[in-house]
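No value in this document is a laboratory result; all are computed from the given coordinates. As the structure is a computational prediction, the values presented were derived from the model and not from experiment. All Cβ positions, glycine included, derive from the backbone under ideal geometry; neighbour counts span all protein chains shown.
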Amino acid sequence: MTKIAIGLSAAIVSVEREEPSVLVVARRDEADALPFGPFDPLLHRTLESGLREWVGEQTHFELGYTEQLYTFGDKGRHTPAGGEKKAAKDAVRVVSVGYLALTRQTQGDAPDSEWRGWYHYFPWEDWRDGKPAMIESAILPSLRKFVKEASSAQTAETRRERVKLCFGDGLPWDEEKVLERYELLYEAGLVEEYYRDSGLAVKESLGTAMLYDHRRILATAIARLRGKLKYRPVVFELMAPSFTLLELQRTVEALAGLRLHKQNFRRLVSEQGLVEGTGKFSSPARGRPAELFRFRREVLRERPAPGLRLGARR
């Protein structure tokens, strides 16, 4: 009889020097992993309290803003290389509840943990310097081959439509389709996890693989955060108590993977009433001082969806 265990996985995100990073457990001879641990119904009052407890123990970080992402329960998600064929009959089926957590902390002394830029795992998602060259040179040619190799005309058309929607092959780029893009690359055999889960020799490896299905969990977290930027002021959970408007813009751009029009962004922030001046100025080593602002928390009571629309791109 298969046993069920509940695990808790955390995508803990921070932004430093204009780079969005995720806290990972990095051990020699193992793929990077998101911090994860078991839920103990006898010790933990709630799922989130269990998450906060063991994350604090493992990483020495106290979580701030936290929200539940999704429940990941695919069969074989914690099966060793070789897939279900190698799974023991009495193996435990792990159902993992994923969480997104935001923090301004980037310094810690926890063993085996470090911050890694999330574009390390999803290099095709960073469009701040234009369309990544790998999309045209590696991804689209392989996906077109994936379409041609379909077993039927109907399957080929479905794959062709997914390629168009995910990678903008003839359509505008949708920064929120992070998970859909990763799953398409997985099915096409373009990421290491596909071969590892199938027990096959690796042929393609775009981006850096993660343990189990942790890259899928991280993709879900990135998509959730990118979408939420537009209707909730979650970006301020990643900002210092006071900041310049340029620092705010660069943080939003880092998370979205897009460049925004400077004047339009500032007009949007002003119209939304998201910030207020502190009366103080920055003291940069180079350049002119810039006014410092802070987040207006009252906006959470004033409007139901005080977010940042990202349509005004450079």
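Here's the picture: charge each Lys and Arg Cβ at +1 and each Asp and Glu Cβ at -1 in the chain, and of Trp115, Val163, Leu42 the one pushed furthest to the positive end of that dipole is Val163. Reducing the range 281-302 and the range 107-165 to their Cα centroids gives an inter-centroid distance of 36 Å.
What shape does the range 159-306 have by the C-alpha gyration tensor, where a ≥ b ≥ c are the square roots of the eigenvalues, rounded means a/c under 1.5, and otherwise prolate means a/b greater than b/c and oblate the rest? Prolate shape, in that a/c is at least 1.5 and a/b is the bigger ratio.
Excluding Tyr195 itself, calculate the net charge of residues whose Cβ lies under 10 Å from the Cβ of Tyr195, where each Lys or Arg counts +1 and each Asp or Glu counts -1.
Values: positive: Arg196, Lys203; negative: Glu192, Glu193, Asp197, Glu204.
Summing Lys and Arg as +1 and Asp and Glu as -1 gives -2.
Using only Cα atoms, what Kirkwood radius does the range 237-302 have, in angstroms? Across the range 237-302, the inverse of the average 1/r is 12.7 Å. A simple charge model with +1 on the Cβ of Lys and Arg, -1 on the Cβ of Asp and Glu and nothing else charged puts the dipole of the range 237-302 at about 240 debye relative to its Cα centre.
Among Asp40, Asp112, Asp29, the largest mean-square fluctuation in a Gaussian network model of the chain (Cα springs under 10 Å) belongs to Asp29. Residues of the chain were split at every exposed loop site, defined as GluC sites (Glu not before Pro) in a DSSP loop with at most 15 other C-beta atoms within 10 angstrom, and the longest piece left, sites excluded, is 205-297.
The angle between the Cα long axis of helix 178-187 and the main principal axis of the chain comes to about 20°, on a 0 to 90 degree scale.
Rg of the Cα atoms in the chain, relative to 2.2 N^0.38 Å, amounts to 1.08.
Any of Lys145/Lys262; Lys203/Lys228; Lys177/Lys262; Lys3/Lys230; Lys131/Lys280 with alpha carbons more than 30 Å apart? Name them for me. Before the final figure, lay out each step's value.
Values: Lys145/Lys262 40 Å; Lys203/Lys228 36 Å; Lys177/Lys262 25 Å; Lys3/Lys230 41 Å; Lys131/Lys280 38 Å.
Violating the 30 Å Cα-Cα cut-off are Lys145/Lys262; Lys203/Lys228; Lys3/Lys230; Lys131/Lys280.
Using only helices, what value at 222 nm comes out for the chain when you add -39,500 (n - 2.57) per DSSP H run of length 4 or more and divide by the total residues, to the nearest 500 deg cm²/dmol? Working shown, then result.
Working: 9 runs with 96 residues, N = 314.
That calculation yields -9000 deg cm²/dmol at 222 nm.
Convert 4 °C to kelvin, take the viscosity as 1.567 mPa s, use the Kirkwood radius over C-alpha pairs of the range 122-207 as Rh, and evaluate the Stokes-Einstein diffusion coefficient in µm²/s, rounded to a whole number. Walk me through the numbers on the way to the answer.
Details: Rh = 13.4 Å.
For the chosen part, D equals 97 µm²/s.
For the chain, the Cβ-based charge dipole about the Cα centre amounts to some 940 debye (Lys, Arg positive; Asp, Glu negative; other atoms uncharged).
With +1 on each Lys and Arg Cβ and -1 on each Asp and Glu Cβ, how big is the dipole of the range 122-207 about its Cα centre, in debye rounded to the nearest 20? Before the final figure, lay out each step's value.
Numbers: 13 positive and 18 negative charges, 78 e Å.
Using Cβ point charges on Lys, Arg, Asp and Glu, the range 122-207 gives about 380 debye.
Each of Tyr99, Ser14, Ala133 was scored by the projection of its Cα onto the charge dipole of the chain, and the greatest displacement toward the positive side belongs to Ala133; charges sit on the C-beta of Lys, Arg, Asp and Glu.
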